[in-house]
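What follows is a set of notes on a single structure, which appears directly below.
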Amino acid sequence: MEYQLCPSILAADFWHLGEEIRQVEEAGVKWLHIDIMDGHFVPTISMGVPVVTSLRKASRLFFDVHIMAKEPAHLVEEFAGAGADMITVHTEACVDLDRTLRLIHEKGCKAGIAINPATPVSLLEDVLELADMVLVMTVNPGFGGQKYIPYCTEKIRRLRMMAKSMGKDLDIEVDGGINRETIHTVLEAGANVIVAGSAVFGGDTRENAKALKGIIEEYESNTGLRR
Ligand code: DX5
Ligand code: ZN
């Protein structure tokens, strides 16, 4: 299991998007979180396939595409073709989650399942074997800059236990309200892929990314020592 800081470009300055991404790359970031919103599953819209296509030409980062859309199966092929490495869909948005996850794998991407704060972790018990990652939403999806919902910590912990008992090396991603304070809580609970939007792209992007990465690395080396 590898730890990753995964900056969410939703909070970036789109006029300077290329420069913003260059700065997180300079900070040593390997993953980029790209939020796709349809205005139905979540209240607003964000970006689409052309943005992913353009970024793919300019960056070798691992593209973590978080699709917040109803019945996203019809979008999978396009995003895979545009250069997504991981495609994550919401369990609340798929009538047939099993089929959608298999489709994502068929198109050559890693498959993630996202769950909203009110969706219990236990719902994933059976389908977990098909997932490379679970994204535990720590705010209600739709907007950046919201506050971390404290009861989600227990969900992360329970999910890590569930994966361990299956002997599965599952990536657990957290998304929403992660900053220099809340990051400690999610790491302790068992998350290893840490999405951060406003905490990275508000102010000095390179320095913010370095600081958050530093916290992750320190946690990693401390747990390494504890083992
Ligand atoms: C919200 C998105 C997030 C968002 C996080 O629905 O899925 O990825 O960009 O933003 P922050 O880190 O500002 O809460
Ligand atoms: Zn997201």
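Each value in this text was obtained by applying a stated rule to the coordinates, not by laboratory testing. Predicted model only: the values in this text are computed from it and were never measured. Here the Cβ positions follow ideal geometry from the backbone for every residue, glycine too, while neighbour counts run over all protein chains shown.
Points worth noting:
- Overall form of region 117-206 per C-alpha gyration tensor (a/c, 1.5; a/b vs b/c): prolate
- Helix-only CD estimate at 222 nm, as mean residue ellipticity for the chain, using -39500 (n - 2.57) per DSSP H run (n ≥ 4): -12000 deg cm²/dmol
- Equivalent ellipsoid semi-axes, region 30-90, via Cα gyration tensor eigenvalues times 5, rooted, Å: 19, 11, 10
- Loop sites in region 66-151: chymotrypsin sites (Phe, Trp or Tyr not before Pro), DSSP, at most 14 other Cβ within 10 Å: Y151
- Dipole magnitude of region 145-222 about its Cα centre (Cβ charges: Lys, Arg +1; Asp, Glu -1), debye to nearest 20: 260 debye
- DSSP bridge pairs, the chain: antiparallel proportion in percent, nearest 5: 5 percent
- Dipole size of region 69-119 about its Cα centre, with +1 on Lys/Arg Cβ and -1 on Asp/Glu Cβ: approximately 80 debye, rounded to the nearest 20.
- Over all other residues within a Cβ to Cβ distance under 13 Å of Y151, the charged ones net out to +3, with Lys and Arg as +1 and Asp and Glu as -1.
- In region 1-37, GluC sites (Glu not before Pro) in a DSSP loop with at most 11 other beta-carbon atoms within 10 Å: E2
- Looking at the chain, the pairs of alpha carbons with a distance over 29 Å make up 19% of the total.
- Positive minus negative residues near V42 (Lys, Arg vs Asp, Glu; Cβ under 13 Å): -3
- A simple charge model with +1 on the Cβ of Lys and Arg, -1 on the Cβ of Asp and Glu and nothing else charged puts the dipole of region 57-194 at about 340 debye relative to its Cα centre.
- For region 44-109 and region 173-210, distance of Cα centres in Å: 22 Å
- For the chain, modelled as a GNM whose springs connect Cα atoms under 10 angstrom apart, the maximal fluctuation among I149, I115, I34 occurs at I149.
- A viscosity of 1.306 mPa s and a temperature of 10 °C, combined with the Kirkwood radius over Cα pairs in Stokes-Einstein, give a translational diffusion coefficient for region 97-170 of 120 µm²/s.
- Only Cα pairs under 8 Å and 6+ residues apart enter the sum, and on that basis the relative contact order of the chain stands at 22 percent.
- At 1.567 mPa s and 4 °C, Stokes diffusion of region 59-187 via Kirkwood alpha-carbon radius, µm² per second: 86 µm²/s
- 5 angstrom amide H check on I178, placed H, neighbours 5+ away: G197
- Among the GluC sites (Glu not before Pro) in region 59-159, those placed in a DSSP loop whose Cβ has at most 14 other Cβ atoms within 10 Å are E125.
- Neighbourhood charge, 9 Å Cβ-Cβ cut-off, centred on F201 and excluding it, Lys, Arg +1 and Asp, Glu -1: -2
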